[in-house]
1. Using the structure shown, list the pairs from Lys422/Lys481; Lys481/Lys580; Lys147/Lys182; Lys427/Lys465; Lys507/Lys545 with a Cα-Cα distance above 20 Å, or answer none.
2. What's the local net charge at Phe423, with K and R +1, D and E -1, over the other residues with C-beta under 13 Å away?
3. Can you tell me which of 135-148, 533-546 comes out highest on packing, and rank the rest after it, using the mean Cβ neighbours within 10 Å?
4. In nm, give the distance between the simple-model label positions of Thr271 and Thr230, each being 7 Å from the Cα along the Cα-to-Cβ direction.
5. Can you tell me, using C-alpha contacts under 8 Å and at least 6 residues apart, the relative contact order of the stretch 138-284 as a whole percent?
6. Asn329 versus Thr470, label points 7 Å from Cα toward the beta carbon: distance in nm?
7. What ³J(HN,Hα) values, in whole Hz, does the Karplus curve 6.51 cos²θ - 1.76 cosθ + 1.60 give for the stretch 328-333 when θ = phi - 60°, with x put for Gly and Pro?
8. Which whole-Hz couplings ³J(HN,Hα) result when phi for each residue of the stretch 407-424 is put into the Karplus expression 6.51 cos²θ - 1.76 cosθ + 1.60, θ = phi - 60°, listed in order with x for Gly and Pro?
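Any read-out appearing in this document is the output of simple, stated calculations on the displayed coordinates, not a laboratory observation. Predicted model, so just to flag it, every value in this text is computed and none were measured. Please note: Cβ atoms are built from the backbone with ideal geometry, for glycine as well, and neighbour counts cover all protein chains shown.
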Amino acid sequence: MKNKKGFTLIEILIVLVILVTVTTGATIGIKEVQKKSEQRSLKELYTMIETAADTYLSINDENREELLNDEITEKCIRIYTLQNGGLLKEELSNPVTKKRIPGNLCVISYINEDGLIENHFDLDEDLTTHKVTLKINGDGTADAETKTVYTKAIFNVSVTSDKFIVNGVCDGGATLKIDKFKVIVYGVKKDQTCTINIKNLKNTVKVNAINGASSPESVVVDYGKDASFTLTPNTGYHYDNYVCTGANESSYSNNKLTIKNVTDPVTCTVTYSINKYNITINGVNGTVSPSNVTADYGSKITINLTPKAGYQVNGATTNCTGGVIDATNSSLVISNVAKNEQCSVTFAPIPYKVTLTVNGGEGSTSKNINYNSSGTFTGVKPSTGYTATGVTVSCNGGATVSLSGTTVTVSKVTKAQTCTVKFPVDKYTVTIKVTNGTTASSSVKLNAGKDGSFTATPNVNMALKSYSCTNHTVTYGGNNKFTITKLSSSTTCTITYTAVTKSFAYKSSAQTYKIPYTGYYDITAYGAQGAGSGGKGGKIIGRVKLTKGDVITVVTGGNDGTNGGGAGLYKGGGSTIIKKGNANLIIAAGGGGGSAGTAGGNGNGAGGAAASASASGTNGGPGTNGTNGGGGGSGYEYSYSCRCSSCYYGSNTCVGGNVATSCAEYKDRRVKCPNGSCYTACGGDGVNDIYYCYIRTNECNKWNYKYDSCKSGSNTCEYGCDSCSKSYKSGNGGKSSVGTGVTAVENTAGGNSDKDGKASLTYYKENL
């Protein structure tokens, strides 16, 4: 037996706290349920009483008609009336307070805003009468100033023929509705004042235009309609502002004033102010003061003029509108200002004598040229034995001088001075000799002492090899242009172009080649044919610009699968890849697919895939994981010929034939062969034939690894198939790829006539 111990004091206190908490929660929950039940019962009582009142009105039709025809505003139906009529039980009590409901309480019946009879009863509301006072703003009278009602009041209002009620509101929260000249107040719960506004049916709108005109000047419009006016400012004035009194909403835009929702007489004043114009004056060859003036329309302004050195006011001109130069007072006067303007005053230059001297030619003379202006001397030309090519001109007074044809132009003259023209000796002959190219002329005349240029064009596929000129420095600037520096005598220039070609036979290792000349090259790559009479490799020609000194790397594909040929019974042909350096692909030609369904060399697009049953034509599907130029897959078309076991005779299909008597035991063993003993039970010889059991049926199934397709096609050889032969068709040539910045000139699948891959390079031209 185990010892028994009593509870400690602390344990007893904890249990008591838990019991009190549970009891308190249960009590609160019961009270909440009771409260919700009482409120629900109270709502049901109100509904019962209001329904009884509606039934009472249906029975007493005269009371119903009085309400509907507004003969009475509302009706109080006492509780005792409904009880006496048998519509309510005699004893009614409040389900919340449990007190008896007095019989003199009212159910108020009235017409609501929707035109329907509504009954209202509430023990918590003061369903007693209230005073509704009607206040009228405007010219009109009501049938009563104040009416005492329960919930609804109706006032009939009289107005003159040119007035009407526009709106109203109650300060005690009741709803006010206007029906022509009848004012109906709904939901009266306390004493309150309702105010209505009476307005004119038509109102006059008048516009006053200051420094302008309005069309029309005034109009009479119906209440709530809009009025519009066209304004025209006086000449030289602009819109400033407008003010309207009595208007609800107004706007001014583009000389049009609009007053919207006219409800009272309106007076508008539109003000136009005189235009002020900003005139900015620039002094050319001098200064003006002030240079910026703001003036009223039609006003007159005076500007002071100060010329700079070499210029004068006398003869000065201006493009300012209304401006006149006053040389006596050194001023500009502008009258009748009428617009904003940016204009100028140009001061007149002082003339200076310029003498022209011609060395080695004709045309020496002199003339006056204005300060900082230009002048020309005509008839200036070289004498016999001199040339205008390389002529020099100068002025000793700092003026700018130039010779064009037979005219000397002197500009920026600031003082009297002499200008000199010097003609040099004539041109020199340049003889041009071109190898493997052409030139427009075998000789040209170039200016003595100057840099001179000529052109030479290479023949097709020719690159610039060398160039030189006797006793002179010559440079090549591209685009077939050669320049001789400072031609000092006649010379002979020799230009040599040479053909650039390079072939790359098949090699299992990478080959490199340094580019000898800058320009565009046509590079051709051939992918290798697949083994076993497989598909031919692809051919690709890419055009790319290379720079002298660039090194290209060539890796050719082999018929033996070198450089990416697919593995299998017959390897796919390798791809031929050409790169700039060891990284940047130029072109790649894919290898052809090998015979018997083997993929070709891989490429950027993808290598040629091994044959599959879905690719039953002459092309294999695309390969995967290629690196440079896609190889073509081999075909999958094939045929069978089978020789069946001697255990069967009859049909050549080895299906449906008859089993020889000597084979009965074999057949029987095949069916009954236990799991794991097929090899001996089925008579395997252990040399050519391998036997397996069907796991599901424990049957023997004879398969030869060489003839695992004997069960496919029409010649199925279900049992004892001794031999089958399978013949595949070769696939097409591989696809190829080009690198970034390379133009594909040709891209031909199966374009290689050789088994192994190869490549070649040919210079195309300097520029495309």
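1. On the way: Lys422/Lys481 31 Å; Lys481/Lys580 29 Å; Lys147/Lys182 14 Å; Lys427/Lys465 29 Å; Lys507/Lys545 25 Å.
Distance filter (> 20 Å) returns Lys422/Lys481; Lys481/Lys580; Lys427/Lys465; Lys507/Lys545.
2. On the way: positive: Lys381, Lys422, Lys427; negative: Glu362, Asp426.
In short, +1.
3. Values: 135-148: 14.6, 533-546: 27.4.
Result, highest mean Cβ count within 10 Å first: 533-546, 135-148.
4. 2.7
5. Numbers: 326 pairs, mean separation 28.2, N = 147.
For the stretch 138-284, the relative contact order is 19 percent.
6. 8.2
7. Computed from phi, the couplings for the stretch 328-333 are 4, 9, 6, 9, 10, 10 Hz.
8. For the stretch 407-424, the Karplus curve yields 10, 9, 10, 10, 9, 6, 7, 10, 6, 5, 6, 10, 10, 10, 10, 10, 8, x Hz.
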